[in-house]
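Q: Let me begin by handing over the structure; questions about it come next.
The values are calculated or read from the model by the stated rules, or taken from the named source; none is laboratory data. All values derive from a computational prediction rather than experimental measurement. All Cβ positions, glycine included, derive from the backbone under ideal geometry; neighbour counts span all protein chains shown. Each accessible area value is taken on the protein alone, full model and side chains, heavy atoms only, with ligands, DNA and RNA left out. Shrake-Rupley method; radii C 1.70, N 1.55, O 1.52, S 1.80 Å.
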Amino acid sequence: MIKAVISGTGLYTPPATIDNDELVEAFNAFVELYNNEHAEAIAAGELAPLQPSSSAFIEKASGIKRRHVIDREGILDPQRMCPHIPERSNDEPSVQCDMAVVACNEALAQAGKTAADVDAVIVACSNLQRAYPAISIEVQQALGIDGFAYDMNVACSSATFGLQAAVNSVENGSARAVLVVSPEICSGHLNFRDRDSHFIFGDACTAILVEREENVGAGQGFDILGTRLKTTFSNNIRNNFGFLNRADESGIGQPDKLFIQQGRKVFKEVSPMVAETIQGHLESLSLAPDNLRRMWLHQANLNMNQLIARKVLGRDATEDEAPVILDEYANTSSAGSIIAFHKHKADLVSGDLGVICSFGAGYSIGSVVVRRR
């Protein structure tokens with residue numbers, strides 16, 4: 001029986017950063033411009049004034065302190081409030097391809113493998129730069145991989161769902177090794193004019209190499225003990241941008257064509273679902289929460305992660321047990337739990353157990369239980 005192993009991980013981090021103070025300064029400048037422009041309507045009670053943001057509010061609400069982005073100047077321009085990412089010609093690699101190649105090369109190097117050892121690429125992320133040709137096939141060509149590739153999107157759970165797809169391909173014999181890549185340019189779909197969400201997202205790309213156990217050196221990587229996926233439909237996190245938008249001009253440029261969410265409902269509804277999914281997954285593997293050495297949770301909100309860990313463990317988790325990277329990266333959608341895994345796995349010793357868990361729009365939840373080899 002073929003078994004799948006995570007043998008390497010990689011990370012691309014954009015060099016540009018924006019801290020909370022910088023983001024708040026730009027947002028409040030926009031608020032002032034807006035309120036001045038609509039002063040008469042506001043005075044007449046026809047329009048509500050926009051309210052300023054603050055760094056203290058952001059950190060208390062989310063735990064985020066700064067974020068890495070592809071472009072900071074466009075985001076911090078009160079007249080623009082979105083990144084400036086120039087289009088490239090069809091003969092140039094896409095932005096997501098460039099990000100993916102860097103992350104994939106690190107994952108390959110960590111595993112001691114080359115593109116010749118890989119048979120498949122899955123690009124799994126929340127937002128794809130184009131509909132077709134698939135970004136994954138472009139990445140496959142850029143890396144020089146002879147095999148197959150496809151794109152998939154399950155929002156913030158894309159990477160863990162991609163992991164299960166990779167495990168399936170390895171264990172059913174259709175691939176020796178699979179790269180799961182999550183090039184997340186979340187700043188592209190964030191409404192930087194919305195006080196409740198302007199601070200949430202950052203940009204990054206992760207890569208995971210999944211291989212046959214027989215091709216991985218003794219003591220290297222992580223055995224994948226099991227995966228569990230769960231979805232249930234909800235409108236509480238939504239983005240209505242799509243190719244049909246031009247078919248109804250009234251919707252063009254409306255707020256729902258960017259990220260929107262009802263945060264309090266998400267917090268209340270998703271947190272118990274995630275904890276129950278992890279607990280049920282562990283039980284199905286004859287494991288208990290006390291067996292866990294580490295939980296690499298989706299990095300969306302610090303309060304949410306702390307609550308989920310508490311529900312799973314029956315007590316507060318230490319930062320060592322549930323490491324946090326969102327203070328540095330913010331929410332990077334599907335990349336978040338993998339960034340946490342990438343940065344906080346080297347200290348585990350043989351036999352240590354952990355769970356990589358994502359959750360988000362859909363709703364979608366992905367749980368991957370691993371053991372240090």
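Q: Could you tell me how many of the residues in the stretch 55-79 are surrounded by fewer than 19 Cβ atoms within 10 Å (Cβ to Cβ), more than 23 Å from residue 98 (Cβ to Cβ) and not aliphatic (A, V, I, L, M)?
A: The number of residues fulfilling the criteria is 8.
Q: While we're here: Could you tell me which numbered condition residue 255 fails, if it satisfies all but one of (1) under 21 Å from the mean Cα position of the chain (by Cα); (2) at pLDDT below 95?
A: Result: residue 255 passes all but (1).
Q: Same structure, new question: Within the stretch 195-229, how many residues turn out to be open to solvent by 50 Å² or more (accessible area, probe 1.4 Å) and of a type in the set (Asp, Glu)?
A: 3
Q: Output the residues belonging to the stretch 40-54 that are open to solvent by less than 50 Å² (accessible area, probe 1.4 Å) and more than 29 Å from the chain's Cα centre (by Cα).
A: Selection gives 41, 42.
Q: Find the strands (runs of 3 or more DSSP E) located wholly in the stretch 139-228 whose residues include 1 or more that are in contact with a Pro (Cβ under 9 Å, 6 or more places away or on another chain), and list them. I'd like the intermediate steps shown before the answer.
A: Details: elements: 148-152, 177-185, 203-212.
The qualifying strands (runs of 3 or more DSSP E) are 177-185, 203-212.
Q: Before we move on, is residue 33 more than 18 Å from residue 326 (Cβ to Cβ), open to solvent by 70 Å² or more (accessible area, probe 1.4 Å) and at pLDDT 95 or above? Explain how you work it out, then say what you get.
A: Working: more than 18 Å from residue 326 (Cβ to Cβ): yes; open to solvent by 70 Å² or more (accessible area, probe 1.4 Å): yes; at pLDDT 95 or above: yes.
In short, yes.
Q: For the structure I just gave you, tell me whether residue 92 is more than 20 Å from the chain's Cα centre (by Cα), buried (at least 18 other Cβ atoms within 10 Å of the Cβ) and free of Cβ contacts under 8 Å to residues at least 60 places away in the same chain. Break it down into steps so the answer makes sense when it comes.
A: Values: more than 20 Å from the chain's Cα centre (by Cα): yes; buried (at least 18 other Cβ atoms within 10 Å of the Cβ): no; free of Cβ contacts under 8 Å to residues at least 60 places away in the same chain: yes.
No; evaluated as a whole, the condition is false for this residue.
Q: So how many residues does the stretch 285-343 have that are open to solvent by 10 Å² or more (accessible area, probe 1.4 Å) and among the hydrophobic types (A, V, I, L, M, F, W, C)?
A: 12
Q: Taking the stretch 85-138, which residues are assigned to a loop (DSSP other than H, G, I, E, B), in contact with a helix residue (DSSP H, G or I) (Cβ under 9 Å, 6 or more places away or on another chain) and of a type in the set (S, T, N, Q)?
A: Within the stretch 85-138, 94, 114, 126, 127, 129 meet the criteria.
Q: Among what's in the stretch 362-373 and is modelled with pLDDT of 95 or more and not in a strand (DSSP E or B), pick the residue that is least open to solvent (accessible area, probe 1.4 Å). Can you show your working first?
A: Narrowing the stretch 362-373 to residues modelled with pLDDT of 95 or more: 363-373.
Subset that is not in a strand (DSSP E or B): 363, 373.
Values: 363: 10, 373: 45 Å².
If we take residues in the stretch 362-373 being modelled with pLDDT of 95 or more and not in a strand (DSSP E or B), then 363 is least open to solvent (accessible area, probe 1.4 Å).
Q: Just to be sure I understand the filter: pairs with C-beta atoms under 7 Å, separated by 6 or more residues or on different chains, first member in the stretch 242-257 and closer than 19 Å to residue 187 by Cβ and in contact (Cβ under 8 Å) with a residue 12 or more places away in the chain, second member part of a loop (DSSP other than H, G, I, E, B) and open to solvent by less than 80 Å² (accessible area, probe 1.4 Å). Which pairs pass?
A: Cβ pairs passing all conditions: 255/191; 256/240; 257/240.
Q: Additional query: Looking at 139, 102, 154, 121 in this structure, which one is in contact (Cβ under 8 Å) with a residue 40 or more places away in the chain, among the hydrophobic types (A, V, I, L, M, F, W, C) and surrounded by fewer than 20 Cβ atoms within 10 Å (Cβ to Cβ)? Give the steps one after another, and end with the answer.
A: Details: 139 fails: surrounded by fewer than 20 Cβ atoms within 10 Å (Cβ to Cβ); 154 fails: surrounded by fewer than 20 Cβ atoms within 10 Å (Cβ to Cβ); 121 fails: surrounded by fewer than 20 Cβ atoms within 10 Å (Cβ to Cβ).
Checking each option against the conditions leaves just 102.
Q: Confirm whether residue 350 is modelled with pLDDT of 95 or more, more than 17 Å from residue 281 (Cβ to Cβ), of a type in the set (Ser, Thr, Tyr) and open to solvent by 10 Å² or more (accessible area, probe 1.4 Å). Show your work before the answer.
A: On the way: modelled with pLDDT of 95 or more: yes; more than 17 Å from residue 281 (Cβ to Cβ): yes; of a type in the set (Ser, Thr, Tyr): yes; open to solvent by 10 Å² or more (accessible area, probe 1.4 Å): yes.
For residue 350, the condition - modelled with pLDDT of 95 or more, more than 17 Å from residue 281 (Cβ to Cβ), of a type in the set (Ser, Thr, Tyr) and open to solvent by 10 Å² or more (accessible area, probe 1.4 Å) - is met.
For (1) hydroxyl-bearing (Ser, Thr, Tyr); (2) in contact with a Gly (Cβ under 8 Å, 6 or more places away or on another chain), each residue gets a yes or a no:
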site	(1), (2)
158	yes, no
186	no, yes
192	no, no
224	no, no
229	no, yes
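Q: When the stretch 53-81 is examined, which residues are found to be in contact (Cβ under 8 Å) with a residue 60 or more places away in the chain and in a loop (DSSP other than H, G, I, E, B)?
A: Correct list: 53, 63, 64, 65, 70, 71, 75, 81.
Q: Restricting attention to the stretch 249-260, does a residue exist that is open to solvent by 50 Å² or more (accessible area, probe 1.4 Å) and either hydroxyl-bearing (Ser, Thr, Tyr) or under 24 Å from residue 284 (Cβ atoms) (or both)? Talk me through it step by step, then tell me what you get.
A: So in the stretch 249-260, the residues open to solvent by 50 Å² or more (accessible area, probe 1.4 Å) come out as 249-250, 252-255, 258, 260.
Next, only the ones that are either hydroxyl-bearing (Ser, Thr, Tyr) or under 24 Å from residue 284 (Cβ atoms) (or both) stay: 250.
Within the stretch 249-260 (the criterion being open to solvent by 50 Å² or more (accessible area, probe 1.4 Å) and either hydroxyl-bearing (Ser, Thr, Tyr) or under 24 Å from residue 284 (Cβ atoms) (or both)), the answer is yes, since at least one residue qualifies.
Q: Further question: Given the conditions (1) small (Gly, Ala, Ser); (2) open to solvent by 10 Å² or more (accessible area, probe 1.4 Å); (3) modelled with pLDDT of 95 or more, report the number of the one that residue 182 does not fulfil.
A: Answer for residue 182: the failing condition is (2).
Q: In the stretch 310-347, what count of residues is obtained for those that are in contact with an Asp or Glu (Cβ under 7 Å, 6 or more places away or on another chain) and assigned to a helix (DSSP H, G or I)? Spell out the reasoning first.
A: In the first step, residues of the stretch 310-347 are kept if they are in contact with an Asp or Glu (Cβ under 7 Å, 6 or more places away or on another chain); the result is 310, 332-335.
Cutting the leftovers down to assigned to a helix (DSSP H, G or I) gives us 310, 335.
Residues that pass the stated criteria total 2.
Q: Has the stretch 21-40 got any residue that is assigned to a loop (DSSP other than H, G, I, E, B) and under 17 Å from residue 195 (Cα atoms)?
A: First, the residues of the stretch 21-40 that are assigned to a loop (DSSP other than H, G, I, E, B): 38.
Then drop every residue that is not under 17 Å from residue 195 (Cα atoms), which leaves none.
Within the stretch 21-40, not a single residue is assigned to a loop (DSSP other than H, G, I, E, B) and under 17 Å from residue 195 (Cα atoms).
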